[in-house]
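Each reported figure results from applying straightforward, stated rules to the coordinates on display, with no laboratory input. Quantities reported herein were computed from a predicted structural model and do not represent experimental measurements. With ideal geometry, Cβ positions are generated from the backbone for all residues, glycine too; neighbour counts draw on all protein chains shown.
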Amino acid sequence: MLADYAVRVEQSRGRRVAELQHPYRDDFQRDRDRVIHSRAFRRLEAKTQVFTRRFSDHFRNRLTHTIEVAQIARTIAAQLGLNVDLVEALALVHDVGHPPFGHAGEKALDAVMREYGLFFDHNLHALRIVEDFELRYAAFRGLNLTFEVREGIIKHSHDYSASEFPQLAEYLLDLRPPLEAQLIDLADEIAYDTADLDDGYEARLLALPQIRAGVPVFDRFYRQAEQTYPNAIEKLKFNEALKRILDRMVGDLIRNLQNQIKAAGISNLEDVRACPRRLAIFGSEVEEERRGAKEFLYQNLYFSTALNPEKDDAERVIRQLFEFWMAKPESLPRTYREKADQEPLPRVVCDYIAGMTDNFIYDQYERYCEAG
Ligand code: MG
């Protein structure tokens, strides 16, 4: 049932370390399962997406966000005849490289690294996790994932230049990623645009009239919901409107990708790779709506002063712990002390911090930075 332009598991470029075939799971199914059973995946449960636990347990965390992305991406992939197992593996792994405290944590970690002439990038960190940090198998370090999953980790959301990142040369940086990887970035955006409106409303940081005025597509669907369910409570009409936005974005992406494939004359995976641009894009109308909704979320939610305490925590906790371990590397766990023999200390400290959950980093902060 796979389309001609889908990735075929039997044509995978394979794993770094050769393994015997499993009797009834193919390589992409095994990669998906390896991600699910990894420690980094379990830690997503205690990492902030936008709202910390301080707000409510009802809100998304990075794990539930990841599961929503996987649901959306699987639906799109199945409609297009893409490799659903590869898509699921890519969706489930797409956020494992994120540090604690959501985007504020990423910014803070990058800022301290830049003071040492280095930087932090969550896709590159995800690759380090699956290649090196996960220790689950006796035969190799990391998860020994197939080339296509590692390539997708690097290329799903960002084009890295070969001259700037020579260490990534094996990932065919001058070619586009397969559609299975391309659609992850958009499934991610569909998931968080709708979820953040929902959680922002539930957190009472966004009011209904404000959303209706600022996001015209929401207003349109809310009016429809009011006509269909005049007696429903506000939150249920809100849910109806949000559900229709999600459905509109998914439907548009499926249709538009089919159009793009036709227009570009794509008939196989090589054509997808050789195409000078990404094919997974929204149609112009929905793209306009997406941009508007995102702009609204930045102005009214992500930059909201109500989230400042979380941002201050991220900045203070990450910076102070980073500086503590730079000054006292003997306080790092043994495995990280050993790593410091082969890599610059700031990179080792960064790796350690990036892997932490929100809970664990607060514990460390209390232990090392607040004591005395
Ligand atoms: Mg994400």
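When both the range 68-88 and the range 153-215 are represented by their alpha-carbon centers, they are found 15 Å apart. Per-residue ellipticity at 222 nm from helix content only, as computed over the chain with -39500 (n - 2.57) for each DSSP H run of at least four residues, stands at -18000 deg cm²/dmol. Here the Debye sum runs over all C-alpha atoms of the range 100-233 as equal scatterers in vacuum, and log10 of I(q)/I(0) at q = 0.16, 0.17, 0.19 Å⁻¹ comes out as -0.99, -1.05, -1.17.
Scan the range 256-319 for trypsin sites (Lys or Arg not before Pro) in coil per DSSP, keeping those whose Cβ has at most 10 other Cβ atoms within 10 Å, and list them by number. Of the trypsin sites (Lys or Arg not before Pro), the ones in loops of the range 256-319 whose Cβ has at most 10 other Cβ atoms within 10 Å are Arg277. Extension gain, Gln299 to Leu208, is 31.2 nm, computed as 0.36 nm per intervening residue step minus the present C-alpha separation.
A Förster radius of 35 Å combined with the Cβ-Cβ distance from Leu118 to Asp174 puts the calculated FRET efficiency at roughly 0.85.
Entry note, the chain: relative contact order of 22 percent, from Cα contacts under 8 Å with a spacing of 6+ residues. Only the Cβ atoms of Lys and Arg (+1) and of Asp and Glu (-1) were treated as charged; on that basis the dipole of the chain about its Cα centre amounts to roughly 360 debye. Look at the Cα gyration tensor of the range 278-372: its axes a ≥ b ≥ c give a/c of at least 1.5 with a/b at or below b/c, and that counts as oblate. Working ranking of peptides 154-166, 134-146, 223-235 by packing, defined as the average number of other Cβ atoms within 10 Å per residue, highest first, is 134-146, 154-166, 223-235. Note on Asp341 and Leu2: with the Förster distance fixed at 41 Å, the Cβ-Cβ geometry gives a FRET efficiency of about 0.35. The alpha carbon convex hull volume per residue for the range 227-308 rounds to 152 Å³. Coupling constants for the range 271-283 follow from the phi torsions by the Karplus curve (6.51 cos²θ - 1.76 cosθ + 1.60, θ = phi - 60°), and in residue order they are 5, 4, 5, 7, 4, x, 10, 6, 8, 7, 9, 6, x Hz; glycine and proline get x. Residue-wise HN-Hα couplings along the range 186-203, as the Karplus relation 6.51 cos²θ - 1.76 cosθ + 1.60 with θ = phi - 60° gives them from phi, are 6, 4, 4, 5, 4, 5, 7, 4, 6, 5, 6, 4, 5, 5, x, 5, 4, 7 Hz; Gly and Pro carry x.
From the alpha carbon centroid of the range 110-139 to that of the range 273-344 is 13 Å. Here the simple spin-label model places points 7 Å from the Cα toward Cβ, and for Ser161 and Arg334 these points are separated by 4.4 nm. Highest GNM mean-square fluctuation among Asp247, Asp196, Asp188, for the chain modelled with Cα contacts below 10 Å: Asp247.
For the chain, pairs of C-alpha atoms spaced more than 35 angstrom apart make up 29 percent of the total. For Ala280, no residue has an amide H sitting under 5 Å from its own, ignoring neighbours fewer than 5 places away on the same chain, with H placed 1.01 Å from N. Taking a straight Cα-Cα cut-off under 24 Å and skipping sequence neighbours fewer than 8 places away in the same chain, the lysines within cross-link reach of Lys294 are Lys47, Lys107, Lys155, Lys235, Lys237, Lys243, Lys311. Farthest towards the positive end of the charge dipole of the range 199-320, among the residues Ile266, Gln227, Ile245, is the Cα of Ile266, using unit charges on the Cβ of Lys, Arg, Asp and Glu. Spin-label pair Asp363-Glu323: with each label point 7 Å from Cα along the Cα-Cβ axis, the two points sit 2.5 nm from one another. Converting phi to 3J(HN,Hα) with the Karplus coefficients 6.51, -1.76 and 1.60 and the offset θ = phi - 60°, the range 212-223 yields 4, 6, x, 10, x, 5, 5, 4, 4, 6, 5, 4 Hz in sequence order, with x at every glycine or proline. Distance between the pseudo-spin-label points of Ala264 and Gln224 (7 Å out from Cα toward the beta carbon): 2.9 nm.
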